[in-house]
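Before any comments, here is the structure.
Each reported figure results from applying straightforward, stated rules to the coordinates on display, with no laboratory input. What you see is a predicted model; the values in this text were computed from it and never measured. Ideal geometry is used to build each Cβ from the backbone, glycine not excepted, and the neighbour counts take in all protein chains shown.
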Amino acid sequence: MFAALRRTLAVLAALPGAVVFSAPAWGQSQATALEEVVVTARKRDETIQNVPVTENVFTQQAIEAAGIESPRDFVAMVPNMTLVEVQNVGNSFITIRGISQARNSEPSVAVLVDGVLETNPYQFDQELTDIREIEVLKGPQGALYGRNAIGGAILIHTVDPSDHFSGAARVGVGNGVSEKAQVAVSGPIDAAGTLKYRASLNYYDTDGYRENSYLNRKADPYRDYSGRLRLLWKPSEQGSADLRALFDRVETTAYYYIIPRANEASVFSDFSTPPNANDVTSPIQNNNLGTDTRDVTDVALKLDYSLGGGTLTAVSDYNRTKEIDTGDAFDFRPIPTSLLYFFSGGVPAALGGPYDQSQSQFIDVTTYSQELRFTSQKIGGFSWIGGAYYVHTERFISTDNLVDRGAGVPAVYETPLVDPANPAATNTNSTFLSDSQNNNAWAVFADATYEFTKQLELDAAVRYDEDRRQNTTDTPAHFLPDPTAHTGEVRKHTFDAVQPKGTLRYKPADNVTLYGGWSRGFRSGGFNQTGVGAVAQSTGHLGVHDLFNAEIAETWEVGVKSQFLDRRLGANLALYYTDSHNGYFFYFDATTSTQNLGNLDARYKGGELELTARAASWLDLYANFGYTDGKVTRMEDPTVVGNKPPLLTKNTVNAGFQVHEPLGGGVSGVLRLDYQMIGRTWWDPYNVTDRDPINLLDARAGVEADRWSVTAWSKNLTNKIYNAEFSPGGFLWRALPRQYGVEFGYRF
């Protein structure tokens, strides 16, 4: 194996690099050509090299080989795509080619699991257990995938039920006193094999990795329980029914942000020290550990029936996601080092207790969705898809600040704990806001593809979306920050848009695909919590209102996909230009402790170069390069025009290799390294600070046979200390340090 490693390093020095590759973890093929991967980007089975879409794919073998267990793992291998993970588990922000997500916003990409659209952004951040394939599509995909596909789409496919009884199990331990266990079983239920099942369970638990120096314990314990069940019934060749159920529960902590300061002895240093997203010296020292519990329940039914000339598909989905967060507020430090100590005139009693304040947020979202579509067969070079979609959403959110007397933070759900008329009570609310939403959205869509010749193809699609939103103010009158608002106030607004897309594909040779096109994407607007617009305007924060507008993005793109040297080397290139109107930006209002959205216009341009190589039967290589430049072109605050848009990362690099060397006796050795560079990143439209480029390295090494494997692994191998997020207001959140462990897998 060490001889193989020496040969690996020699090849790495000679080759420019290699894109995401499929490297089986349970016994690698000795083939010398790149794997031919089948994708469903256009809701049909096609090879990735032929589909005229910029796309990265992870097969089941690649998922296992790279140790992909969560969204951050595969995002780290995709160019021009980043993921900002924040404290409350339901919030993780994808940025793809500059189009970003913010707290309490609609996502920047559409996420579909087994063809079912996730209707709630709080669903996305889950453990990826028992996954068959992950597809990442870039550029607006709304014509086919609808809501929120303004930046792209992520298609997740779980493992299908098997014809014979089979299963897999994996257990592991790691630093942070962490442990995990996964098991999946599958097989037929009836003797005829028309009804099959697949069930999987996942458990992960850790004491945490980040230290709270005030409490002298870990700040981030984390526990996740999840389970999936699929029942596939195929009574005939014409029809099938696929029932999928998911339950996921996460128990962790929240709100241990950091506000850095040059000198803790002087609160005035808080105002003289500019924000610095690269400050990693300030400790975590909030006096409350906080809590964060999220429950996700999802049930979906997919029906397929073959008719003359095509297939009729009906997809029904129910989802409920609840999350309750509690923790410290503002700078999370005990008086007198608290920022609020200054505002109180140095009198702790003015804050109601010996500490600053605490906070709680509750979100409860229920959705019902239905899609009906017809997918035609290909007749004489012509094929088409047509359908309709409907989703109903009920959403409740409450946010509040409470007096912190050092007795912990109670969870606040739909009503405040204590009326402020009784300020002597423990944990009295100082602010409380609550709103409920009742939204209905529908769409119709069509896509047509025509092959003029075997080399030339035109694809044209269009979708019309209408989103009717209604917000009811549930906040008690004495808590409303806007004196003109009232409890029970109902606000309504309808957002609608047409999303067309046109793509031309030309194949001058079997191993070369040229494509180009134009597309228009749509992301619905919505409501901030009642009264925050007036507060924001009074404090000079322009662009934030009780209503934020829908975003429209138009993208021009050209690309080439190619393979050379008997399909041992692949090279893909894509260039794009995007004009975004009413993109989102995030604003935190400290007065009401609310998370709010505003709008701005921006332009983006850039591209991706992806290289992949099978240098030898035992060696795979890849290298991806992404570049995105952008600027704000319009905002209510004119001083922002020309700045970088929020969450923009200028360039990314993803590279790595995998060695798979037979050792004899049916046992092979595996060594894998994955490198990620996240370029300079801006966090808000004011560009008050930016984060320097980050270099990260993951590693895996082990041995495996046909049915078992033992693997040692490490994420952030070099223990790079950096901040995962800088939030407007000066809040920092520290990224995970080095993680490492060992795992054992077995198949039966």
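D by Stokes-Einstein for the range 456-591, Kirkwood Rh over Cα pairs, 10 °C, 1.306 mPa s: 84 µm²/s. Rg and Dmax, both from the Cα atoms of the range 76-192 and both in Å, are 17.1, 52. Once the chain from residue 45 to residue 477 is taken as fully extended at 0.36 nm per residue, the excess over their C-alpha distance is 149.9 nm.
A simple spin-label model places the labels of residue 440 and residue 498 2.4 nm from each other, with each point 7 Å out along Cα-to-Cβ. Rounded to the nearest whole Hz, the Karplus-based 3J(HN,Hα) values (6.51 cos²θ - 1.76 cosθ + 1.60, θ = phi - 60°) of the range 552-566 follow the sequence 10, 10, 10, 10, 9, 8, 10, x, 9, 10, 8, 9, 9, 6, 6, with x at glycine and proline.
Per the Debye formula on identical point scatterers at the alpha carbon atoms of the chain, with no solvent, log10 I(q)/I(0) at q = 0.06 Å⁻¹ is -0.36. Could you bin all the Cα-Cα distances of the range 213-264 into 5 Å bins starting at 0 and give me the percent of pairs in each, rounded to whole numbers? Pair shares across the bins are 4, 12, 13, 11, 11, 8, 8, 7, 6, 6, 5, 4, 3, 1, 1.
Sparsely packed loop sites in the range 134-189 (the trypsin sites (Lys or Arg not before Pro) outside DSSP H, G, I, E and B with at most 11 other Cβ atoms within 10 Å) do not occur.
Counting Cα-Cα pairs of the range 179-252 in 5 Å increments starting at 0 gives whole-percent bin shares of 4, 14, 16, 14, 11, 10, 9, 7, 5, 4, 3, 2, 1. For the range 629-748, the gyration tensor built on C-alpha atoms gives a prolate shape. Its axis ratio a/c (a ≥ b ≥ c) is at least 1.5, and a/b is the larger of a/b and b/c.
Normalised Debye scattering of the range 583-692 at q = 0.11 Å⁻¹ gives log10 I(q)/I(0) of -0.55, counting only Cα atoms as equal scatterers and leaving out solvent.
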